[in-house]
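Notes follow the structure.
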Amino acid sequence: MFNRRKFLQSSLLSSIGLTLGKKIFANERPYPVIKNNPIVISTWDAGLAANKDAWKILGSGGRALDAVEAGVMVTESEQSCCVGLGANPDRDGFVTLDASIMDENFNCGSVAFLERIKHPISVARRVMEKTPHVMLVGSGAQEFAVAEGFPLEEEKLSDDAEKNYKEWLKKSEYKPIINIENKKSSAFAPAKVNGEWNHDTIGMVAMDAQGNLSGSCTTSGMGFKMRGRLGDSPIIGAGLFVDNEVGAVTATGQGEDVIRICGSHTVIEFMRQGLSPEEACKKTVERIMKIKGEAAKQIQVAFIALNKKGQVGAYAIQKGFSYALKTNKEEKMVSAKSVLNGSDKW
Ligand code: ASP
């Protein structure tokens, strides 16, 4: 006999079945709509390793925001001269870190002048997700990070950074010149300025399988900088900008000159007008050069850009800038075009 008790039992069982069924279905296909082929690009040769970790997320249908965070964390973890706690210090010998992150909905977060925290990019993401603010700096950013459970680490310069700093101390010349590639170094080797390694940033932009864009940027800033100096990397619109209708852009090089023209935002606006990523980066680089005049020969600035169609491009002032690209078909370094080619007069 089909009594009320049996009816309740059977409907309970079937609803458990349904829930389980849904759960299994959801686990198998967490992102059912695949609209686009994912793609990730990031600055300099450190980008190759960073892209690999970003791809673990992008390649399995994950969100671009998660990918750009995980990707640059690889570079932050490496004890290198260039990004993270082992990086080139400021002129007083302290490593101070800047980072920013932006998603497909104009959510953004950044930290600047942050000390003794291994993953500034993740703190930037927490600022975005857990505070009503966009930017936290200095001791306030550090207090927030600690409150969020990030351990306070001991600062330890990498061997390269230690060597670079000692070399720099010999003259202690305050010349904030950045990223001019050594003519002798290969296109993908780190730059040297007066014998010192001087690349300090990784910027990454990505599109996920849903066609959403995100970007991240993390740096120890210009090597041997004045204490308290911030560059473009933590400034939304300068070192990084994402407009999900148009594209995603990040910058490297002399931060002051990127800030002056809201560089990454400018590239986005050129793309909105219909320019390709490469043309948009070129126009923006030229704008900086026009403002700087002759002094442009002394600096490097480069942009990498990804548009909504999944097309990528880059442009630099000086030759020698390269970026890493990964899609489901290829994984490679790409040499960017530049306005100046060593001997060129501009
Ligand atoms: N843009 C960074 C800064 O000015 C440095 C770099 O890209 O190497 O802090």
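The values are calculated or read from the model by the stated rules, or taken from the named source; none is laboratory data. Being a predicted model, the structure only gives us computed values, none of them experimental. Quick reminder, even Gly has a Cβ in these numbers, built from the backbone with ideal geometry, and neighbours come from all protein chains shown.
Quick notes on this one:
- Among the candidates LYS308, LYS290, residue that is under 20 Å from LEU340 (Cα atoms), away from the ligand (no atom under 16 Å from the Cβ) and surrounded by fewer than 24 Cβ atoms within 10 Å (Cβ to Cβ): LYS290
- Screening THR266 with (1) in contact with a Lys or Arg (Cβ under 8 Å, 6 or more places away or on another chain); (2) at pLDDT below 90; (3) of a type in the set (Ser, Thr, Tyr) gives one miss only, at (2).
- Condition met for GLY313 (assigned to a loop (DSSP other than H, G, I, E, B) and crowded, with 19+ Cβ neighbours inside 10 Å): no
- Looking only at region 225-278, residues that are within 16 Å of the ligand (Cβ to nearest atom) and free of Cβ contacts under 8 Å to residues at least 60 places away in the same chain come to 16 in all.
- Of all residues making up region 199-214, the number that are within 14 Å of the ligand (Cβ to nearest atom) and of a type outside the set (D, E, K, R): 5
- Restricting ILE268, ILE317 to those that are touching a helix residue (DSSP H, G or I) at 6+ places or on another chain (Cβ under 8 Å) and farther than 25 Å from ASP208 by Cβ reduces the list to ILE317.
Residue by residue, here is whether (1) at pLDDT 95 or above; (2) of a type outside the set (Val, Ile, Thr) holds:
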residue: ILE288; (1), (2): yes, no
residue: ALA296; (1), (2): no, yes
residue: PHE303; (1), (2): yes, yes
residue: TYR315; (1), (2): yes, yes
residue: GLN318; (1), (2): no, yes
residue: SER322; (1), (2): no, yes
residue: LYS332; (1), (2): yes, yes
residue: LEU340; (1), (2): no, yes
residue: ASP344; (1), (2): no, yes
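- Within region 225-255, considering residues that are assigned to a strand (DSSP E or B) and of a type in the set (Val, Ile, Thr), the one farthest from ARG91 (Cα to Cα): VAL242
- Residues in region 256-281 that are part of a helix (DSSP H, G or I) and under 15 Å from GLN311 (Cα atoms): VAL267, ILE268, PHE270, MET271, ARG272, PRO277, GLU278, GLU279, ALA280, CYS281.
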